[in-house]
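All remarks here apply to the structure that follows.
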């Protein structure tokens, strides 16, 4: 499984961020071709070490190539282009393939 | 599902880190009571935005209380106490409950 792990920094206006994220951004991301699962953090992220992001989203795909294809698609371009519309606290986006430990 | 998301910064000695992590630390973490799934990044983490950690581990539990109990157990204490034995590039540890988007 290949994950697109998205960590949003604490936004300037938490309520505005949450509303826009769930009402507008999530539907865009859910349209990504090849998306297998899409989870978002529910409630606060608790930092045991380091600085907590405001929200963590994890999108699962079959392979790195599937992530590339998803991001290159019209739906992927629309999703990425939407980020500046609501991200005010920075965002980190990592792609990695995971295996059972 | 509640996740313990562990992101290790790039270590001073990558080979030494990888060897110690997989041979010593993973077996300690796998003994955590209540652990449902344990995945680790396989190969490089590709940063689309932000700075890539060296390795990402995701441990799944049933609830925040299960994570707390795991960390408070003797196995959890041994796992946490092992971190300074191999972490040289920093580590971020987040606990969050996720739901389908």
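Only the coordinates and a few stated rules stand behind these numbers; no lab work does. All of these numbers come straight from a predicted model, not from anything done at the bench. Don't worry about glycine lacking a Cβ; one is built from the backbone with ideal geometry, like all the others, and counts go over all protein chains shown.
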Open item on the list: At a 10 Å Cβ-Cβ cut-off, how would you order A:91, A:80, A:67, fewest neighbours first?
Closed with: A:80, A:91, A:67
Open item on the list: Rg over Rh of region A:1-46, using C-alpha atoms and the Kirkwood radius, what does it come to?
Closed with: 0.97
Open item on the list: Treating the point 7 Å from Cα along Cα-beta-carbon as the label, what are the nm separations from residue A:69 to the other copies, to one decimal?
Closed with: 4.2
Open item on the list: Testing the spin-label approximation: label points 7 Å from Cα along Cα→Cβ at residue B:69 and residue B:88. State their distance in nm.
Closed with: 3.8 nm
Open item on the list: Could you tell me how far the Cα centroid of region B:1-28 sits from the Cα centroid of region B:52-97, in Å?
Closed with: 10 Å
Open item on the list: Using a 10 Å cut-off around each Cβ of peptide B:47-58, what is the average number of partner chain Cβ atoms that fall inside?
Closed with: 5
Task: Percent RCO, i.e. relative contact order, over chain B, from Cα pairs under 8 Å lying at least 6 residues apart - done: 51 percent
Task: Label-to-label distance, nm, for residues given as residue A:49 and residue B:44 (7 Å Cα→Cβ offset) - done: 2.5 nm
Task: Rg in Å to one decimal, and Dmax rounded to a whole Å, for region A:14-101 via C-alpha atoms - done: 13.7, 38
Task: Using alpha carbons only: equivalent-ellipsoid semi-axes of the protein assembly as shown, gyration tensor based, whole Å - done: 29, 19, 16
TODO: For residue A:43, go 7 angstrom from Cα along the Cα-to-Cβ vector, then report the distances to that same point in the other copies in nm, smallest first.
DONE: 3.7
- [ ] Starting from a label point 7 Å past Cα on the Cβ side, list the distances from residue A:15 to the same position in the other copies, nm, shortest first.
- [x] 5.7
